[in-house]
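Asks: Sharing a structure here in structure tokens format.
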Amino acid sequence: MAVEKYEVVIGCEIHTQLLTKTKAFCACENRYGGMPNTRVCPVCLGLPGAMPRISKGYVELGAVAGHALNCNIARFTKFDRKHYFYPDLTKGYQITQYDLPLCTDGYVDLPMAKYPKDQQKGGEKFRDKNFKGEDCIIEDGKYRRVRVERIHLEEDVGKSLHLQGAHSYIDYNRCGTPLIEIVTKPDMTSGEEAALFFQTVQEILRYVKVTNGNLEEGNMRCDANINLNVWEDGKVYHTPISEIKNLNSFRTIKDACAYEAKRQLEEFINDRQEFNAGFKVTMGWDDEKKQTVVQRTKNSFVDYRFVVEPDIKPFTVEEELISRALDRVGELPEAKRTRLKKEYGLSDFDVQTLTTSRDLAMWFEDAAKNAKDVKKVANWILAELLAVLNEKNQTISDISITPKHITSLVNNIEDGKITSAQGKEVFAEMLSSGKTPDEIIKEKGMEVVSDTGAIEAIVDSVIAANPKAIEDFKSGKTNVIGWLTGQVMKQSKGKANPGMVNQLLAAKLG
């Protein structure tokens, strides 16, 4: 028998730490790093008699994430205990949610423009692999939809440190850190698609300020559940599911899924391994060897012995909290990009960069409100302001100038009060002093001279002083006029109106 074709089936579980001030069930500070085992208490250490209490901010941020990923928010929910034994889990169980999660039935639309070109048009090869055929390609092929089955609340565990030598160490500072776990349907068909989903979710959750989304610090981690549908002699087989744990970069998600798909196909061909509903293999990713490695096997939920958390009563989620969470979501990045392109005529690159954070997008729109040329406002932010921020490793919230500074700068250039070259000087002074463009222009006497008589006198002086250049121009070397313009601007100390200079030179040189 020979394999006719196969398709990859991937579902993701994304663990995301939330930006609360305190931990999920105690008053310990929620912060990354620091001296090990200094932000702990009896509750997050799981000491006997310690009683957990729910942080309202924790539930609200979970609801914000749910709204942002188009989920339904539960009005009644509860916490459960998930039992397993590991050195960094002091209690021997994790407080989580099992059958009544906070958020259910959501979705994330992935922009088709970010797919490989052979997939952007939704060709037959691509559509054959979709969970609902053409149904998951929406808005005339602009987006692909990945369904979110649930988002549940849970606490993070400690961190094992495997240093050099015979011993391992455990830092319990992370115990009790508030998490959400985002669980998708098995709707993804490649490592590239899983990586794009992870990247899109990171962008959305950062945008609504649910998480820092710092992959290096472990703010977000992805587990990829992957198996294959294999067609052989007209019959379809399913390989066992592998869960690849703790993938913390877009590249490793892509590479790990690609390797595991190849490994499972070889295993099926050689050993006839088939799907078992109660069986899953937990894999890790060896980044040096570029291969998945078996960590353990488990028999589904039987291993975890879920029970209702007895120390936290089931609770009702207030309508006010749900409404407040919805208000915090606002316009999401993809919708904002579409609107900015339509309203201001900006390019894909412009809107992609301007919406990398909500603060930057709002800053730009404030600057654009009263600007005489919105495109030039975007250019000043993209080419000049962001370069300074990147150099200083700062964000838009760290700078001393306001959007009105950029608006005023662009309007002064558009009104012909200063030249573009002078604009850069004004820009640098704005950043260092915080003064407005009008103040700087006045103090430095930079306002452009547009008096025809004054400029004509300088033009006549330059023409008289450069007879060789005039001869070159008359012999056909028309680029000389640019050099002459530069001489006029130099003699006027940059104050002459460049457009007027060009007009006068062209008229006099005939």
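The values are calculated or read from the model by the stated rules, or taken from the named source; none is laboratory data. Because the structure is predicted, anything quoted here is derived from the model rather than measured. Here Cβ is always computed from backbone atoms with ideal geometry, including for glycine, and neighbour counts include all displayed protein chains. Only protein heavy atoms, including side chains, enter the accessible area calculation; ligands, DNA and RNA are left aside. Shrake-Rupley method; radii C 1.70, N 1.55, O 1.52, S 1.80 Å.
Asks: Would region 488-498 turn up any residue that is among the basic types (K, R) and part of a helix (DSSP H, G or I)?
Replies: Scanning region 488-498, I find at least one residue that is among the basic types (K, R) and part of a helix (DSSP H, G or I), so the answer is yes.
Asks: Any idea which residue in region 244-259 is surrounded by the fewest Cβ atoms within 10 Å (Cβ to Cβ), counting only those that are polar (S, T, N, Q) and farther than 13 Å from T282 by Cα?
Replies: S249
Let's see how each residue does on (1) part of a helix (DSSP H, G or I); (2) open to solvent by less than 40 Å² (accessible area, probe 1.4 Å); (3) modelled with pLDDT of 95 or more:
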{"residue": "F349", "(1), (2), (3)": "yes, no, no"}
{"residue": "Q352", "(1), (2), (3)": "yes, no, no"}
{"residue": "D366", "(1), (2), (3)": "yes, no, yes"}
{"residue": "W380", "(1), (2), (3)": "yes, yes, yes"}
{"residue": "L385", "(1), (2), (3)": "yes, yes, yes"}
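Asks: Give me the pairs: first residue in region 249-272 and over 15 Å from T189 (Cβ atoms) and in a helix (DSSP H, G or I), second residue of a type outside the set (A, V, I, L, M) and open to solvent by 30 Å² or more (accessible area, probe 1.4 Å), beta-carbon distance under 6 Å, and six or more apart or on different chains, which are they?
Replies: Matching pairs, first to second residue: F250/Q199; T252/W285; A256/W285; Y259/Q291; E267/Q273.
Asks: Does S461 meet the test of being open to solvent by less than 80 Å² (accessible area, probe 1.4 Å) and under 30 Å from S397 (Cβ atoms)?
Replies: Against the criterion (open to solvent by less than 80 Å² (accessible area, probe 1.4 Å) and under 30 Å from S397 (Cβ atoms)), S461 does not qualify.
Asks: Quick check, is N227 open to solvent by less than 60 Å² (accessible area, probe 1.4 Å), at negative phi and at pLDDT 90 or above?
Replies: yes
Asks: What is the residue count in region 6-56 for residues that are surrounded by fewer than 22 Cβ atoms within 10 Å (Cβ to Cβ), within 30 Å of H238 (Cα to Cα) and aliphatic (A, V, I, L, M)?
Replies: Qualifying residue count, region 6-56: 1.
Asks: Now for a separate question. Provide a single number: the residues in region 36-46 that are in contact (Cβ under 8 Å) with a residue 24 or more places away in the chain and either part of a loop (DSSP other than H, G, I, E, B) or closer than 16 Å to E217 by Cβ (or both).
Replies: 6
Asks: Another question, then. Scan region 273-287 and tell me whether some residue there is under 26 Å from the mean Cα position of the chain (by Cα) and either surrounded by fewer than 16 Cβ atoms within 10 Å (Cβ to Cβ) or at pLDDT below 90 (or both).
Replies: Yes: one or more hits.
Asks: Limited to region 152-172, what total is found for residues that are farther than 30 Å from H67 by Cβ, open to solvent by 10 Å² or more (accessible area, probe 1.4 Å) and outside any strand (DSSP E or B)?
Replies: 8
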